[in-house]
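A.B. asks: One structure is given below, represented as structure tokens, and several questions about it will come after.
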Amino acid sequence: MTNFDKWQEYTKGIPAPQNFIDWGYYYLIATCLQRRVWCFSDEDKCYANMYVCLVGPPGTGKGLVTKRLIEILRYWKQEVALQHKNGQSTLSESESKMADALAQSDLKAAEDVELNGKKSGLEKPNLYPVAADAVTYEALVQSMAQCYRRVTYTEFDKTIGKDVMRVQGHSSLCFVLDEISSLFRKRTEDVSNFLLTAYGCGEDYTYKTKTQGTDRIRRLCLNFIGGTTPDFMQSTFDDQLIGNGYSSRTFFIYATKPRFAVFRMAELTAEQVQYKKDIIDHILKLYFLFGECRVDKETEDFMLEYMKQDLEHPEKRINKSTKMVPYYARKNIHITKLAMALHFGDSTDMHIPLSRFKQAIEILDKEERTMHLALTLDGDNPLAKPSRKILEHLQRVGKDTFTSILADFYGHLRKSELEEVLEALQQTEQITTQQITDEVTGHNVLWYMIKQH
């Protein structure tokens, strides 16, 4: 049984949509790789860090997924890093002592941050730094500046003909939010711009405050997952904000309803507890990985041909919405990040096979069908919002008649406007119709439903 299968069993009692659950796991693995594992050369390093936005109506189950992620990410404490001798038997005695001293120094610095002037009540720092549940732009930047950690590793030195110890620091932070509104309600543009910088895992980010000097983040890496509603997307995001690059870097995972109903959450079985522990044990192994992932020439040739076909034939893309154009411009990066998450979900081997890239493409093809629905902003058309609401309604109920839809939405639009909306949705191939004979009256009734692509 794979760790992904174990995650499915561990979460099988929560009613969140299946795609929310799946992407929660991909995010978990990507987060645990931090800024320590990458693909490709120094010139174009690609880290596995992800931005995932779970979009659905209230009660969909977004928080049920993020709660499980938080529990696992906060399990290990930084002190366990002291027990690891970098997995290198070639370290000299002096190098080993230096590595231990650096680990002790990082732990002391993290404990000082946790203490923050308090005389007691110190919580042990997390092995994987997690941002506060509700953060401002300033607090997020400061949190990243304070989570600096150092990695010691060995590298063969050609001049002396032996392995020597190297040290590299990084500021890797993740945050998991039930509702991204806690982050985006204030200074939305500043937050978005910072997320754009952090996504690329740059070498430095400097932020000057009015009263507390300058915060500098060295070798930053940010992982972000959060839930939100379509209404919040409408009220907070606009075309400019979406178009400035945020949407091209984010996986918008869309769903309209839970996968099943529950009265209350069942207690975990002994088997589920063990599956959770297996996943927790695996992410500890991931913490001690460092270096470049290898891909075969076969993989590079396959991906080159794939991107060439995408560039020359955009009409063959799964989602043809103009809102998805920025996303497709970075499709090669999205595939690589997801392939890394898929691979390291069950392995610590630094070679990623072609099969993982193909699997990533299949997963993204499936998810891309509805991504644009999270980015469909109302604009100036007064019928845009009712149109979006009707789409959500049909996805939720499966199918409905004109009379029933009119009754539900009569407070939002007139009969002639509903006819216009339904016609537009059919012309854009978002919905379709089907004649079904009523078993009671024997009359043919026209039903509207989401068009399956």
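The values are calculated or read from the model by the stated rules, or taken from the named source; none is laboratory data. Please read all numbers here as calculations on a predicted model, not as lab measurements. All Cβ positions, glycine included, derive from the backbone under ideal geometry; neighbour counts span all protein chains shown.
A.B. asks: So, residue 15, is that one closer than 18 Å to residue 253 by Cβ, more than 18 Å from the chain's Cα centre (by Cα) and modelled with pLDDT under 95 or not?
C.D. replies: Details: closer than 18 Å to residue 253 by Cβ: yes; more than 18 Å from the chain's Cα centre (by Cα): yes; modelled with pLDDT under 95: no.
For residue 15, the condition - closer than 18 Å to residue 253 by Cβ, more than 18 Å from the chain's Cα centre (by Cα) and modelled with pLDDT under 95 - is not met.
A.B. asks: Kindly list the number of the only condition in (1) farther than 21 Å from residue 70 by Cβ; (2) modelled with pLDDT of 70 or more; (3) of a type in the set (A, V, I, L, M); (4) in a helix (DSSP H, G or I) that fails for residue 160.
C.D. replies: (4)
A.B. asks: Residue pairs, Cβ under 6 Å, 6 or more apart or interchain, first in segment 137-153 and hydroxyl-bearing (Ser, Thr, Tyr), second outside any strand (DSSP E or B). List them.
C.D. replies: Cβ pairs passing all conditions: 137/187; 137/190; 137/191; 143/131; 152/86; 152/99; 153/290.
A.B. asks: Which is under 23 Å from residue 54 (Cβ atoms) and either among the aromatic types (Phe, Trp, Tyr) or surrounded by fewer than 18 Cβ atoms within 10 Å (Cβ to Cβ) (or both), of 366, 320?
C.D. replies: Checking each option against the conditions leaves just 366.
Residue-wise test of (1) over 26 Å from residue 218 (Cβ atoms); (2) at pLDDT 75 or above; (3) touching a Ser or Thr at 6+ places or on another chain (Cβ under 8 Å); (4) in a strand (DSSP E or B).
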| residue | (1), (2), (3), (4) |
| --- | --- |
| 71 | yes, yes, no, no |
| 80 | no, yes, no, no |
| 111 | no, no, no, no |
| 144 | no, yes, yes, no |
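Residue-wise test of (1) at pLDDT 90 or above; (2) touching a helix residue (DSSP H, G or I) at 6+ places or on another chain (Cβ under 9 Å); (3) assigned to a helix (DSSP H, G or I); (4) over 30 Å from residue 61 (Cβ atoms).
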position	(1), (2), (3), (4)
190	no, yes, yes, yes
195	no, yes, yes, no
211	no, no, no, yes
221	yes, yes, no, no
226	yes, yes, no, no
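A.B. asks: A follow-up question, please. Looking at segment 156-175, is at least one residue under 23 Å from residue 26 (Cβ atoms) and in contact with a Gly (Cβ under 9 Å, 6 or more places away or on another chain)?
C.D. replies: So in segment 156-175, the residues under 23 Å from residue 26 (Cβ atoms) come out as 170-175.
Now narrow it down to the ones that are in contact with a Gly (Cβ under 9 Å, 6 or more places away or on another chain): 175.
The answer is yes; a qualifying residue exists.
A.B. asks: Against the condition more than 30 Å from residue 283 (Cα to Cα), among the polar types (S, T, N, Q) and either part of a helix (DSSP H, G or I) or within 22 Å of the chain's Cα centre (by Cα) (or both), how does residue 416 come out, does it pass? Lay out the reasoning, then the answer.
C.D. replies: Values: more than 30 Å from residue 283 (Cα to Cα): yes; among the polar types (S, T, N, Q): yes; either part of a helix (DSSP H, G or I) or within 22 Å of the chain's Cα centre (by Cα) (or both): yes.
Yes.
A.B. asks: All but one of (1) touching a helix residue (DSSP H, G or I) at 6+ places or on another chain (Cβ under 6 Å); (2) part of a loop (DSSP other than H, G, I, E, B); (3) closer than 28 Å to residue 295 by Cα hold for residue 347, so report the exception by its number.
C.D. replies: (1)
A.B. asks: Taking the conditions exactly as written (under 25 Å from the mean Cα position of the chain (by Cα) and of a type in the set (D, E, K, R)), does residue 392 satisfy them or not?
C.D. replies: Yes; evaluated as a whole, the condition is true for this residue.
A.B. asks: Next question. Kindly provide the set of residues from segment 285-337 that are hydroxyl-bearing (Ser, Thr, Tyr) and in contact (Cβ under 8 Å) with a residue 12 or more places away in the chain, ordered by number.
C.D. replies: Hits for segment 285-337 are 287, 299, 306, 321, 327, 328, 336.
A.B. asks: Among the residues in segment 423-434, are any surrounded by 13 or more Cβ atoms within 10 Å (Cβ to Cβ), out of contact with any strand residue (DSSP E or B) (no Cβ under 6 Å at 6 or more places or on another chain) and touching a residue at least 60 places away in the same chain (Cβ under 8 Å)?
C.D. replies: no
A.B. asks: Within segment 43-52, track down each residue that is within 16 Å of the chain's Cα centre (by Cα) and more than 16 Å from residue 28 (Cβ to Cβ).
C.D. replies: If the condition is that a residue be within 16 Å of the chain's Cα centre (by Cα) and more than 16 Å from residue 28 (Cβ to Cβ), then 46 is the only one that fits.
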